[in-house]
Amino acid sequence: MANKVVCSKVFRDLRRFTAPAVPPMNFTGNYGSTNVTTPTLQRTDQILADPKKKVINFDDVKELFTGVSTSKLLRSSLTLQMASIESMVDLGVWVMNSKFMHIPIFKEVILGFVKSTFYEHFCAGKDLIEVRKTVSKLSNVGLQGMLDYGVEHATENESCDQSMKVFLQTVEMAKSLPSSSVSFVVVKITAICTPKLLKRMSDLLRWEQKDPSFNLPWKQKTLPLFAELSPFYHTLKRPEPLTVEEERDLQLADDRLQKICKKCLELDVELLIDAEDTAIQPAIDYFAYSAAIKYHKDDHPLIFGTIQAYLKDSKERMMIAKKAAEKIGVPMGFKLVRGAYMSSENELASSLGFKSPIHDSIQQTHNCYNSCAEFMLDEIANGSGAVVLATHNIESGKLAASKAIDLGIRKDSQKLQFAQLHGMAEGLSFGLRNAGFQVSKYLPFGPVEQVMPYLIRRAEENRGLLSTSAFDRKLMRKELIRRFDVGTS
């Protein structure tokens, strides 16, 4: 199989609710218009009206880690400590890319160490049998799972077909579990459509945006894919139309997604489509939005797209798509993340002589994320759409939770979900859980040898994220000391 298998739904029935009107905190446009004005982003500390309000309690570590065994806490603390050491990440990258991995004995030793430490901490298992056990453990501590057989970078139709079969099996397994234990099945479009074809599609979609008379005979009904700030430097000259073979491959890719969506609709399992880099993201959004138009559950979305808030166009692009969906009566759901392709995005833009599509500072990214979250919470309070707030940032979690309460959004509402990666931001996950919100863990799974290259890449791209695990380690140490004192008193 030519895929790389890498690491990166059943919501309960929607309950309608009403909420008092709360003015948006930093939006200056007209929500009722499809012509949206991008707001001036405010600093995080300017958004929260009452900073003294404590929505998430991190002080009571006994309550925070209720249900978590001492051995699990100890292993997690040690693993996060290792993962926070940059020299260890550098060594891991070097080892995984070295010729030593071709030596059977050396490879066996390295993979054995990895499996017993990082793999078991960050991943859900090698197959659906092990994933079932992981989901059960999460459910026992009040968390849900987002099942991610993270297949990506397919190179031909055979591997795409194999990926589709695994996704269908994952959907069926999700349905077989208790409804409160799984929130989403996650799909990467690069697993069912080759990146090469996605790049061709994205080039054509970008050119159509520049020249509306440009004809795309294969294009189906979708939502707006671009905003004023969207990058177009990937496509500097008029692209050639898809060949007959490419159109056939596109139809096959669409058929695969349709089969997955139909299975999700049949079994009432929600589907989350992950984002990629800007070179191919227009095609991924095209697939996600086209599917969302066809498949939804009355006034609740079945298919969720992903918005990466580190991109300068993210807020405007999300608002335009959301309003366009609302205009045609389609409920739209989004997963909101910060983004994971900073290095490659900056390098590509620089090599072509253009400014980066990513915000100039981390604070701007934080502000954009919080502003996007605020917009979606306002939309939900008015009865439209749904959002998954995927964040490891404590302040973003606090702000969103406080805003949801201010708007009168029910904490158990299936229109609002928080999410963190498995094995990371445990304090935030449990804090939000204890505050009454729906919280999921992103569960990548697959054989250790195939998952590790992905984990190493993510470690490289998110060095800062791993180093900020200090907050979790502090909370875990505090609880371990408390348990030791209780046990020896």
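The values are calculated or read from the model by the stated rules, or taken from the named source; none is laboratory data. The model shown is predicted, which means the values in this text are computed figures rather than measured ones. Every residue, glycine as well, gets a Cβ built from its backbone with ideal geometry; the counts of neighbours run over all protein chains shown. To get the accessible areas, we keep the full protein, side chains included, count just its heavy atoms, and leave off ligands, DNA and RNA. Shrake-Rupley method; radii C 1.70, N 1.55, O 1.52, S 1.80 Å.
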Among the aspartates and glutamates, which fall within straight-line cross-link reach of K126, defined as a Cα-Cα distance under 18 Å, with same-chain neighbours fewer than 8 residues apart omitted? E108, D148, E152, E172, E449
For the range 145-239, what ratio Rg/Rh do Cα atoms give with a Kirkwood hydrodynamic radius? 1.09
Quotient of Cα Rg and 2.2 N^0.38 Å for the chain, N being how many residues it contains: 0.95
Given axes a ≥ b ≥ c from the Cα gyration tensor, I'd like to know whether the range 107-162 is rounded (a/c under 1.5), prolate (a/b larger than b/c) or oblate. oblate
Radius of gyration and Dmax over the Cα atoms of the range 353-437, both given in Å: 14.0, 49
Using a Debye calculation, one point per C-alpha and no hydration shell, please list log10 I(q)/I(0) for the range 255-300 at q = 0.18 Å⁻¹ in order. -0.56
Expressed per residue, the solvent accessible area of the range 293-413 in Å² (1.4 Å probe) is about 32 Å²
The correct ranking of K219, K441, K263, K54 by accessible area at 1.4 Å, largest first, is K54, K219, K263, K441
Near L432, within a Cβ-to-Cβ distance under 14 Å, what is the net charge of the other residues, with Lys and Arg +1 and Asp and Glu -1? +1
Answer rounded, prolate or oblate for the range 216-279, using the Cα gyration tensor with square roots of eigenvalues a ≥ b ≥ c: rounded when a/c is under 1.5, else prolate when a/b is larger than b/c, else oblate. oblate
How many percent of all Cα-Cα pairs in the range 62-210 sit more than 23 Å apart? 58 percent
Just how much of R410 is accessible, in Å², when a 1.4 Å probe is used and the result is rounded to the nearest 10? 110 Å²
Filter on K196/K221; K262/K312; K72/K315; K62/K415 - keep pairs with C-alpha separation over 32 Å: K262/K312; K72/K315
On the protein heavy atoms, probe 1.4 angstrom, tell me the percent of accessible surface of the range 237-358 carried by carbon and sulfur. 54 percent
Qualifying GluC sites (Glu not before Pro) for the range 160-235 [loop in DSSP, other Cβ within 10 Å: at most 14]: E228
Subtracting the Cα-Cα distance from 0.36 nm times the residue separation, let me have the gained length for R482 to W207 in nm, one decimal. 92.9 nm
Please work out whether the range 296-455 counts as rounded, prolate or oblate from its C-alpha gyration tensor, where a ≥ b ≥ c are the square roots of the eigenvalues and a/c under 1.5 means rounded, while otherwise a/b larger than b/c means prolate and anything else oblate? oblate
